[in-house]
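Just below is one structure, and these are the notes that go with it.
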Amino acid sequence: MTATILDGRALARTLREELRSGIQSFIAVHGAPPALAVVQVAGDAASDSYVRSIGKACDGVGIRFLHQLLPGDTSQETL
């Protein structure tokens, strides 16, 4: 069996281009971009970094990104 070497950066670039194209088609039909909403309770450094990276990825392909950070004592009812 021969191993296949994948170029992760090239694959990611191709995927982002395909997503941008699909999102432009979505906007043409619906008049607005799709959106991702993230509700984060009691952020910490690792979670904050992860959420920022998701936001950048969304911005990179044209998805609207909404982020709400709530305090750690937020109740289930409030959520």
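The values are calculated or read from the model by the stated rules, or taken from the named source; none is laboratory data. The structure presented is a predicted model; accordingly, all values stated were derived computationally and were not measured. Because the Cβ atoms are built from the backbone with ideal geometry, glycine has one as well, and the counts that use them run over all protein chains shown. When the accessible area is computed, the model is the full protein with side chains, heavy atoms only, and any ligands, DNA or RNA have been set aside. Shrake-Rupley method; radii C 1.70, N 1.55, O 1.52, S 1.80 Å.
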| message | Condition check: within 13 Å of the chain's Cα centre (by Cα) and either of a type in the set (Asp, Glu) or at positive phi (or both). Does Asp59 satisfy that? | response | yes
| message | Looking for something part of a helix (DSSP H, G or I) and of a type in the set (Asp, Glu) - is there at least one such residue anywhere in the range 28-45? | response | no
| Selection count, the range 28-44, where residues are surrounded by 11 or more Cβ atoms within 10 Å (Cβ to Cβ) and either of a type in the set (A, V, I, L, M) or free of Cβ contacts under 8 Å to residues at least 24 places away in the same chain (or both) | 5
| remark: Taking the range 46-79 and keeping only residues that are touching a Pro at 6+ places or on another chain (Cβ under 6 Å) and outside any strand (DSSP E or B), one is left with Gly62, Ile63
| message | Being open to solvent by less than 90 Å² (accessible area, probe 1.4 Å) and within 16 Å of the chain's Cα centre (by Cα) is true for just one of Ser75, Ser47, Ser25. Which residue is that? | response | Ser47
